[in-house]
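Undergrad: Here's a structure for you.
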Amino acid sequence: MLTQQKRPQKDDKPGKSKLLWWFGGGILALLLLGLTYLYLRGVLRQEPEYTIENVPSLDDPRFPLTLIGLTDATAADGVLTGFWADVDEIYAARIEAIQQAEQLIQFETYFMTEGRRADEFAEALVERANTGVTIQLLLDHEGTSDLPDEYWQRLRDAGIEVRFFREFDWRAPLEYNSRTHRKLLLIDGQQVLIGGAGVSDYWDGRSEQGDTAPWLEFEVRYEGEIASLLQGKFLQNWAYSGGAIDLEGNVFQAQEGDGGVPMYITDDTSALNESYIRMLFQVSFLAAQERIWIGSPYFIPDPNTRRALTEARERGVDVRVLTMSDANDKPLIRYTSRELYGDLLQAGVEICEYQPSMMHAKFTLIDSDWISAGSANFDPRSYFHNDELNVSSSHPQLIANIDQFFTSALNDSNCLTYEEWQNRPWNQRLSGQFGLIFKNLL
């Protein structure tokens with residue numbers, strides 16, 4: 001009887017090895033691609049360190065010249081005609097301003113989402129467009145990407161010009177990381193509303209992120225020559241986004257003197273050279289003699305800024321920072337920020353975290369003589385990646401308004417001690433250390 005021989009089984013180990021080799025090679029290639037991207041975005045870039053000595057005091061006639069010379073600021077007279085520190089009042093003031101427009105509305109913003117606030121905004125714009133008002137909207141492509149095409153089409157159908165700032169371009173993909181973070185509403189070239197709020201229901205509070213109240217925010221309205229120059233800032237980005245500039249009508253109108261005070265516009269335009277916004281903050285800190293009160297949700301101060309704040313404390317200056325708490329929209333940034341608190345707390349800087357909701361206001365109050373407010377945070381993104389805009393002045397009423405705003409917010413804040421900071425959870429420390437590695441991209 002013949003014995004049937006078993007056929008030898010084919011060894012499939014070489015095939016599995018080849019598959020694993022390709023899989024591992026693919027993972028390595030993706031890792032190298034990611035590291036290359038981070039390298040090209042400047043993660044390893046060393047921040048320049050420098051010293052500024054003998055800064056003139058705020059009442060020295062040389063201080064405005066110092067500011068203009070070092071921060072490339074533009075000077076213009078302006079009148080404060082409105083201040084709102086309540087979210088409902090901010091949005092109501094915008095709608096009212098839009099309804100008053102007779103010829104031209106220009107709006108630039110970073111952030112919009114679907115919801116009641118966006119719908120009310122669209123309704124007000126469409127109503128004005130139907131009366132013949134020219135409307136130009138300049139919207140950050142990334143920050144408004146959640147809104148559907150139907151929303152924009154409705155506006156375009158009403159004759160509204162809609163343009164997006166820095167859409168993704170495969171020929172220059174890394175540029176997409178640089179956004180416009182400005183918030184400007186210009187009415188007939190005569191008045192301008194500027195603040196930090198986007199057009200979103202987020203500002204009404206988000207329970208999923210721990211908010212128990214609307215976000216902490218404010219908005220101001222200026223009239224006078226300042227409105228014409230801020231209109232120019234809008235048109236710069238409008239042209240960059242492919243929009244036509246028509247200088248006939250309500251553009252760059254000569255503004256009659258109306259008892260305004262000197263104001264200084266400082267803007268950054270997403271460049272990798274020295275940040276004018278950062279220089280503005282540092283020069284202001286070094287001029288302080290009595291107080292430095294800072295409001296910034298995203299507070300990641302570089303070594304020069306931390307040194308300026310600790311030196312101010314050594315001079316006896318009252319230094320306080322109002323920032324976000326557990327109720328926030330970007331936990332990683334908060335943990336990253338907290339990693340830098342140690343030296344500041346030891347020097348006597350008060351760092352207070354607003355408890356009821358997201359703290360989103362951005363300002364610097366120096367002594368009783370100087371205020372700077374706008375879109376800029378104290379972080380590398382505002383310094384080196386975003387288009388930002390701040391208006392600074394010695395306007396007494398605005399200083400009084402911000403003083404009250406800050407003092408009221410402190411009543412609802414927890415001011416950290418050094419011991420509390422040392423005892424923060426280990427997972428937050430780990431997240432914060434990770435964030436520091438990539439802080440230039442946050």
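The values are calculated or read from the model by the stated rules, or taken from the named source; none is laboratory data. All figures in this text were calculated on a predicted structure; none of them were measured in a lab. Backbone-built Cβ (ideal geometry, glycine too); neighbour counts: all protein chains shown. These area figures cover heavy atoms from the full protein model, side chains too; ligands, DNA and RNA do not enter into them. Shrake-Rupley method; radii C 1.70, N 1.55, O 1.52, S 1.80 Å.
Undergrad: Check which residues have an amide H placed less than 5 Å from residue 318's amide H, if you skip close sequence neighbours.
TA: For residue 318, whose amide H was placed from the backbone, the distant partners under 5 Å are 291, 292.
Undergrad: With 40 Å as the cut-off, how large is the P(r) tail for the chain, expressed as percent of Cα-Cα pairs?
TA: Values: 22174 of 97461 pairs.
It works out to 23 percent of all Cα pairs.
Undergrad: If you don't mind, there's one more thing I want to ask. So if each residue of separation counts as 0.36 nm, and I subtract the Cα-Cα distance between residue 62 and residue 96, what length gain in nm does that give? Let's see the in-between values first.
TA: Details: separation 34, 0.36 × 34 = 12.24 nm, distance 3.98 nm.
Difference between extended and current length: 8.3 nm.
Undergrad: Next up: With a sphere of radius 14 Å drawn around the Cβ of residue 69, what net charge do the other residues whose Cβ falls strictly inside it have (Lys, Arg +1; Asp, Glu -1)?
TA: On the way: positive: 62; negative: 60, 72, 274.
Result for the local shell: -2.
Undergrad: Between beta-carbons, use under 10 Å as the cut-off and find the net charge around residue 374, counting Lys and Arg +1, Asp and Glu -1.
TA: +1
Undergrad: If you don't mind, another one. Quickly estimate the mean residue ellipticity at 222 nm for the chain, helices only: each DSSP H run with n ≥ 4 gives -39500 (n - 2.57), and the total goes over all residues, rounded to 500.
TA: Working: 13 runs with 161 residues, N = 442.
Rounded to the nearest 500, it is -11500 deg cm²/dmol.
Undergrad: List the residues, sorted by chain then number, that are 5 or more residues from residue 164 or on another chain and whose placed amide H is less than 5 Å from its amide H.
TA: Amide H to amide H, under 5 Å and 5 or more residues apart or across chains, residue 164 pairs with 139.
Undergrad: Ignoring any ligand, DNA or RNA, what whole percent of the accessible area of the chain comes from carbon and sulfur when the probe is 1.4 angstrom? Numbers along the way, then the final one.
TA: On the way: 10610 of 20770 Å².
That fraction is 51 percent.
Undergrad: Hey, what's the Kirkwood Rh for segment 89-152 if you take every pair of different alpha carbons, in angstrom? Working shown, then result.
TA: On the way: mean 1/r = 0.0812 Å⁻¹.
This gives a value of 12.3 Å.
Undergrad: Peptides 18-24, 279-285: what's the order by average Cβ count within 10 Å, highest mean first? If you can, show how the numbers build up before the last one.
TA: Details: 18-24: 10.1, 279-285: 23.6.
Going by the mean number of other Cβ atoms within 10 Å, highest first, we get 279-285, 18-24.
Undergrad: How far is helix 62-71 tilted, in degrees, relative to the longest principal axis of the Cα atoms in the chain, given as a value from 0 to 90 rounded to the nearest 10?
TA: It works out to around 30 degrees.
Undergrad: Defining a contact as two alpha carbons under 8 Å apart and six or more residues distant in sequence, what relative contact order in percent does the chain show?
TA: On the way: 835 pairs, mean separation 79.2, N = 442.
Normalised by residue count, the contact order of the chain is 18 percent.
Undergrad: Using only the alpha-carbon atoms of segment 226-324 as identical scatterers, what base-10 log of I(q)/I(0) does the Debye formula give at q = 0.25 Å⁻¹?
TA: Here the Debye-derived log intensity ratios amount to -1.31.
Undergrad: At a temperature of 37 °C and a viscosity of 0.692 mPa s, determine how fast segment 229-269 diffuses translationally according to Stokes-Einstein, using the Kirkwood radius over alpha-carbon pairs as Rh; express D in µm²/s, rounded to the nearest whole number. Mind dumping the intermediate values first?
TA: Details: Rh = 12.2 Å.
Using the Kirkwood radius from Cα pairs, D works out to 268 µm²/s.
Undergrad: Also, quick follow-up: Run the dipole for segment 298-442 about the Cα centre, Lys and Arg Cβ at +1, Asp and Glu Cβ at -1, nothing else charged, and hand back the magnitude in debye, nearest 20. Please report the intermediate quantities before stating the final value.
TA: Details: 13 positive and 19 negative charges, 83 e Å.
Roughly 400 debye for segment 298-442.
Undergrad: Right, next: Let me see the P(r) profile for segment 287-442: every Cα-Cα distance counted, bins of 5 Å, each bin given as a percent of all pairs.
TA: Per 5 Å bin, starting at 0, the Cα pair percentages come out as 2, 9, 18, 23, 23, 15, 7, 2, 0.
Undergrad: Would you be so kind as to identify which of 226, 168, 203 lies farthest towards the positive end of the dipole of segment 160-245, taking Lys and Arg as +1 and Asp and Glu as -1 on Cβ and the Cα centre as origin?
TA: 168
Undergrad: Which net charge results for the neighbourhood of residue 266, defined as the other residues with beta-carbon distances under 9 angstrom from its beta-carbon, given Lys and Arg at +1 and Asp and Glu at -1? Mind showing how you got there, number by number?
TA: Values: positive: none; negative: 72, 267, 268, 388.
Summing Lys/Arg as +1 and Asp/Glu as -1 gives -4.
Undergrad: A further question follows. Of the lysine pairs in the chain, how many meet both conditions: Cα atoms under 23 Å apart, and a spacing of 8 or more in sequence or different chains?
TA: On the way: 10/18; 183/233; 183/330; 183/362; 233/362; 330/362; 330/439; 362/439.
Here the count comes out as 8.
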